[in-house]
Amino acid sequence: MTKKTQLILVGIILILGMTVHAIYEELNDKQEKTDNDKEQKEEVQVSITEEVKTETTKIIEDYNEVVDTTIEKEANDITLYLVIHREADAKQLGEDFIRSFASNASIHGEGDIEGPDSESLGGIWEHYSGDIYIGYDADPFLHGVIQDTRDNIRWFEI
């Protein structure tokens with residue numbers, strides 16, 4: 001596969017991921033409103049700087065299996081996009097991306113944020129909801145929803 005073909009596939013995968021994310025968010029709005037009534041998230045007192053995004057991207061793109069990454073922040077939602085070469089490592093690479101982001105948020109973010117550890121995905125997820133979309137070259141996506149700060153990612157094949 002040529003480099004040009006790979007770049008086109010990466011672009012298509014990222015666009016599809018964003019489209020799937022928009023549809024998923026629309027379908028879950030009612031559920032989120034109910035969940036928010038039951039348990040309000042803490043008011044966001046931390047901010048995600050460009051340095052957090054840049055440092056996370058540098059780290060995760062050094063992995064041989066990684067083709068491309070994107071990090072988007074919109075209001076209280078953080079979405080991570082990861083394009084990899086093969087499916088076998090997808091969930092582990094996704095978790096590494098989530099933990100790397102949380103670690104960089106604790107180091108470079110503005111506010112008091114705990115980093116991830118063996119039992120936690122990091123304190124950033126107390127303030128933001130999180131999703132990760134993983135594409136394997138041109139194959140279907142894997143979607144992970146960060147449930148809370150504990151080591152808890154709910155995975156869906158899309």
Residues that are part of a helix (DSSP H, G or I) and either under 17 Å from residue 75 (Cα atoms) or modelled with pLDDT under 60 (or both), drawn from region 32-60:
32, 33, 34, 35, 36, 37, 38, 50, 52, 53
Among residues of region 1-24 being part of a helix (DSSP H, G or I) and surrounded by fewer than 12 Cβ atoms within 10 Å (Cβ to Cβ), the residue modelled with the highest pLDDT is 15
Please give the strands (runs of 3 or more DSSP E) falling wholly within region 62-147 in which 2 or more residues are among the aromatic types (Phe, Trp, Tyr).
129-136
Residue check, residue 74 without any contact (Cβ under 8 Å) to a residue 12 or more places away in the chain and either in contact with a strand residue (DSSP E or B) (Cβ under 9 Å, 6 or more places away or on another chain) or surrounded by fewer than 20 Cβ atoms within 10 Å (Cβ to Cβ) (or both)
yes
Residues in region 148-158 that are at pLDDT below 80 and assigned to a strand (DSSP E or B): how many?
1
Name the one entry in 127, 108 that is more than 11 Å from the chain's Cα centre (by Cα) and crowded, with 19+ Cβ neighbours inside 10 Å.
127
Per-region count, region 126-145, residues at pLDDT below 90 and in contact with a Ser or Thr (Cβ under 9 Å, 6 or more places away or on another chain)
1
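The values are calculated or read from the model by the stated rules, or taken from the named source; none is laboratory data. Model, not experiment: these values are computed from the prediction. Ideal geometry is used to build each Cβ from the backbone, glycine not excepted, and the neighbour counts take in all protein chains shown.
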